[in-house]
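Every read-out reported here was derived from the displayed coordinates using simple, explicitly stated rules and does not represent laboratory data. Everything numeric here is computed off the predicted structure, so don't read it as measured data.
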Amino acid sequence: MGFELSVVTVIFFISAVLLGTLSYTALSTSSEIVSDASDEQSEMQYLKLQTDIEIDDSIVYSSGSDYNITVMLSNTGSESIRFDRLNVLIDGELGSYSYTDTSYTWTPSESRNLTVTGLYGLGTHRVKVVTENGVSAYDTYLV
């Protein structure tokens, strides 16, 4: 019985060591994932705080039953923005836009124009431009 008790004790000891090792590895990996996510969140918040845009003017070009709108924007923040990654919403609906600038990078203090075509409806409308990190600017216009 003494030998059997020794074998069972050794098995329990080895099991405890293995379980502890696996637990430490899992907790260590989880801790690294949380730390990386926290760093990424801090970077995103920093970029969002440094980004700002303004709509200087919205010009409507009417042609028959539809119209086009050209939105003049200024990058008033201190971060460069990817101009091709903007989202433009007209009355809450995502619209596609075109622009004539060849550079995708929109540097601070620079003004750019974008045009949304094929819009319909009379009256007052709202345009919203959103950057890739969530900073937005609004304007209303009349057709």
Practice problem: Give me the angle, in degrees from 0 to 90, between the Cα long axis of helix 2-50 and the longest principal axis of the Cα atoms of the chain, rounded to the nearest 10. | Solution: 20
Practice problem: Read phi for every residue in the range 121-133 and hand back ³J(HN,Hα) as whole Hz from Karplus 6.51 cos²θ - 1.76 cosθ + 1.60, θ = phi - 60°, with x for Gly and Pro. | Solution: x, 9, x, 8, 10, 10, 10, 10, 10, 10, 7, 5, 9
